[in-house]
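Colleague: One structure coming up, written as structure tokens, with questions to follow.
The values are calculated or read from the model by the stated rules, or taken from the named source; none is laboratory data. Keep in mind that what you see is a predicted model, and the values were worked out from it rather than measured. Cβ sites come from the backbone with ideal geometry, for glycine too, and all protein chains shown count toward neighbours.
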Amino acid sequence: MAEEKIEVVDLEALEEQSTLVDHSYTADDIQVLEGLEAVRMRPGMYIGSTSSRGLHHLVWEIVDNGIDEALAGFANQIDVVIEEGDIISVRDNGRGMPVGIHEKTGISAVETIMTVLHAGGKFGGGAYKVSGGLHGVGASVVNALSEWLEVTVFQNGKKYFIRFENGGHAIEQLKVIGDCDETGTLVRFKADPTIFEETTVYDYDTLNGRLRQLAFLNKNICLTLTDARTSELKKSEYKYEGGIKQYVQYINRGRKVINEAVIYMEGFQDGISAEVALQYNDGYHTKIYSFCNNINTHEGGFHEEGFRMALTRVINTYAKDNNIIKKDESLAQDDVKEGLVAIISVKHPNPQYEGQTKTKLGNSEVRKIVSGIVGDGLKRFLMENPQVAKEMCNKAVVASDARNAAKRAREATRRKSALDGISSLPGKLTDCSVKDPSLTEIFIVEGDSAGGSAKQGRNSKTQAILPLRGKILNVEKAREHKIFENAEIRSMITAFGCGIKEEVDINNLKYHKIIIMTDADVDGSHICTLMLTFLYRFMRPIVEQGYVYIAQPPLYKVQKGKKIVYAYKEQEMDKIREEFKEGYKVQRYKGLGEMDAEQLWETTMDPRNRVLKRVTIDDAMEADSVFSMLMGEDVDPRREFIQNNAVYATLDY
Ligand code: 1YM
């Protein structure tokens, strides 16, 4: 009976909402395909780009539908498989997409969902769609951009199947292909290589990182990822009963914490749900990550504002009431945030995104809701845990004292900012001759010897070289003024020219490509992690706006007779071995220093041949988290991490 009802609801909605059913089949067919054709003509408008990022976006569109089904209370398991040939398979154990067939048109709801733009969001049983990312375009867009796509629905004891080819053309109508005793939806697709010209190869770590994040943000949903492309299966499984509470613990892993039990609060009002989890560590940095509908709102917005307001207000009131500070004193927002790790996650039926990268939540009503739950929840926590409350307040008082002392010292020496005196170009920089930033790039190179080769090999018109000596600095354990005294960091700030923190001005950025070039080993990736962490914390807009890249030096040089080829990934090397069979020489590069200037140019710096990885804000956020853990007090997770060589894994795209 229940299934009957769902079908009726969907078909009624379908009739109302979809233009499809008002016309004859052929006319509709044309209209439908015009819609999908529009997607194929301008894929960027729907999925952002057709780069590797856009490719991964296809997976998120399908996974989001599974997450929605889970949030509606009907599914608790989503399995993603990367099959051989980079075919993606996503399966959930929900109700299954509606299979009802419309009498007049003979078109099934499944087919409509897969062929009408935005159909999935428009009709349905009334429950709003919570996921659906920045683009949130729906499954039909994935269909349009696939060489082929298959949907199998498990429902009513039957298995239904439909297949589309060539960008969304159903090859036949939905049909029953067998019996089953489970329910759910399985979508399999192969991205169209004529659309994704750059690459159709999925990156395990990218998929893995986001699936773990989705598991943290949606408690009790089990998400798995299997890589079946090689004979050795790789698999991860994530399920967090504690949701964002565990997310905070994950970020603080290996750190000494002030409040052992994570402070957690949640609320629901006017169709908007909000949850917040927070924990202080003994460090100086603040990590507030906010989300709306599972999307990281990097630029903040009203939910973050509500959180900060409530945090500052409640801690000040408590500190005064308990004579920790005087009645006429107050702790600034920066003081109460020192060492704070917080996750704010809201689910909103009608989110408005603003800002440069459309990642700032613009719904003003959210401020009051978040500030309300944080105000009540935190007040209560402090009253019930006086010992921890005192430690939290004391930490803020120490931060406040340090900040005031630094300010007095600055005023005394009449220095306007910690950065005064950094104005002339750093000595080690070898600049390029062209001045137009949109044409120029700067390589940040590990070590003097590689720096030397890079200087010799470069295109001196457009490529600047800044060699760094060893590790940059433990930015985790130093307060800000110490950080700015570090020579390597000062060199970078001066060279880039865009300023730091709140004062970053992209218009002054001197190079539109900042390329980190380090050895392809553990040390190299550690330096890369340090760099990303620094950029993430101090120059976030340049990461957000896509100006940061990681160079990919080759792992191997293979020579057969006169022919020389380079392999940048193990998989490529496997292919070469197959192709060359025998009679070839292999050199494994351990560091950039092993290449002469010409080789370095040819393999890693020449825009015509090189492979660059553009750093996304999520990569930088992960690097920051890894780094924080590596620098923390706790030795065990660090040892484990280094043993597993995971730094390398994270950065080995
Ligand atoms: C692997 C991807 O798409 N699962 C899925 C999708 C839907 C439903 C269930 C569903 C939703 C509703 C009712 C409803 C979709 N339904 C629609 C539409 N997994 C995956 N599982 N019955 C089934 O929202 O009321 C779009 S997606 F349009 F019918 F609502």
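Colleague: List pairs: first in the range 259-272 and part of a loop (DSSP other than H, G, I, E, B), second among the small types (Gly, Ala, Ser), Cβ under 7 Å, 6+ apart or cross-chain?
Modeller: Val262/Ala277
Colleague: Go through the range 293-304 residue by residue and tally those that are assigned to a helix (DSSP H, G or I) and closer than 21 Å to Gln279 by Cβ.
Modeller: Number satisfying all stated conditions: 2.
Colleague: List the residue pairs whose Cβ atoms are under 6 Å apart, where the first residue sits in the range 233-252 and is without any contact (Cβ under 8 Å) to a residue 12 or more places away in the chain, the second is surrounded by fewer than 19 Cβ atoms within 10 Å (Cβ to Cβ), and the two are 6 or more positions apart or on different chains.
Modeller: Pairs found: Lys235/Thr226.
Colleague: Which of the residues spanning the range 65-74 are touching a strand residue (DSSP E or B) at 6+ places or on another chain (Cβ under 6 Å) and either more than 7 Å from the ligand (Cβ to nearest atom) or closer than 19 Å to Leu149 by Cα (or both)?
Modeller: The answer is Gly66, and nothing else.
Colleague: Limited to the range 97-106, what total is found for residues that are more than 6 Å from the ligand (Cβ to nearest atom) and either part of a helix (DSSP H, G or I) or modelled with pLDDT of 90 or more (or both)?
Modeller: The qualifying residues number 2.
Colleague: Continuing with the same structure: So, of the residues in the range 553-587 that are touching a Phe, Trp or Tyr at 6+ places or on another chain (Cβ under 6 Å) and over 22 Å from Gly451 (Cβ atoms), which turns out to be surrounded by the fewest Cβ atoms within 10 Å (Cβ to Cβ)?
Modeller: This residue is Val586.
Colleague: Limited to the range 568-624, what total is found for residues that are part of a helix (DSSP H, G or I) and of a type outside the set (Asp, Glu)?
Modeller: 19
Colleague: Can you name the number of the only condition in (1) at pLDDT 90 or above; (2) in contact with an Asp or Glu (Cβ under 7 Å, 6 or more places away or on another chain) that Tyr536 fails?
Modeller: Only one criterion in (1) at pLDDT 90 or above; (2) in contact with an Asp or Glu (Cβ under 7 Å, 6 or more places away or on another chain) is unmet by Tyr536, namely (1).
Colleague: Restricting the search to the range 79-93, which residues are in a strand (DSSP E or B) and either under 28 Å from Gln571 (Cα atoms) or at pLDDT below 95 (or both)?
Modeller: Asp79, Val80, Val81, Ile82, Glu83, Ile87, Ile88, Ser89, Val90, Arg91, listed by residue number.
Colleague: Kindly check whether there is at least one residue in the range 159-171 that is closer than 25 Å to Gly44 by Cβ, acidic (Asp, Glu) and surrounded by fewer than 19 Cβ atoms within 10 Å (Cβ to Cβ).
Modeller: Looking for residues that are closer than 25 Å to Gly44 by Cβ, acidic (Asp, Glu) and surrounded by fewer than 19 Cβ atoms within 10 Å (Cβ to Cβ), one finds at least one in the range 159-171, hence yes.
Colleague: Answer yes or no: is there a residue in the range 519-536 that is closer than 17 Å to Gly451 by Cα, in contact (Cβ under 8 Å) with a residue 40 or more places away in the chain, touching a strand residue (DSSP E or B) at 6+ places or on another chain (Cβ under 9 Å) and in a loop (DSSP other than H, G, I, E, B).
Modeller: Yes, the range 519-536 has at least one match.
Colleague: Same structure again: Within the range 204-226, is even one residue touching a strand residue (DSSP E or B) at 6+ places or on another chain (Cβ under 7 Å), outside any helix (DSSP H, G or I) and more than 16 Å from the ligand (Cβ to nearest atom)?
Modeller: No, the range 204-226 has no match at all.
Colleague: Okay, next question. Condition (residue is over 22 Å from Thr286 (Cα atoms) and not in a loop (DSSP other than H, G, I, E, B)) applied to the range 497-507: is it met by at least one residue?
Modeller: Yes, the range 497-507 contains at least one residue that is over 22 Å from Thr286 (Cα atoms) and not in a loop (DSSP other than H, G, I, E, B).
Colleague: Assess whether Ile62 counts as being at pLDDT below 95, part of a helix (DSSP H, G or I) and within 9 Å of the ligand (Cβ to nearest atom).
Modeller: Answer is no for this residue.
Colleague: Does Val374 satisfy being among the aliphatic types (A, V, I, L, M) and either part of a helix (DSSP H, G or I) or modelled with pLDDT under 95 (or both)?
Modeller: Answer is yes for this residue.
Colleague: Does the range 167-197 hold any residues that are more than 16 Å from the ligand (Cβ to nearest atom), among the polar types (S, T, N, Q) and modelled with pLDDT of 95 or more, and which are they?
Modeller: Thr194
Colleague: Could I ask something else about it? In the range 75-96, how many are near the ligand (Cβ under 7 Å from one of its atoms) and not aliphatic (A, V, I, L, M)?
Modeller: Within the range 75-96, residues that are near the ligand (Cβ under 7 Å from one of its atoms) and not aliphatic (A, V, I, L, M) number 5.
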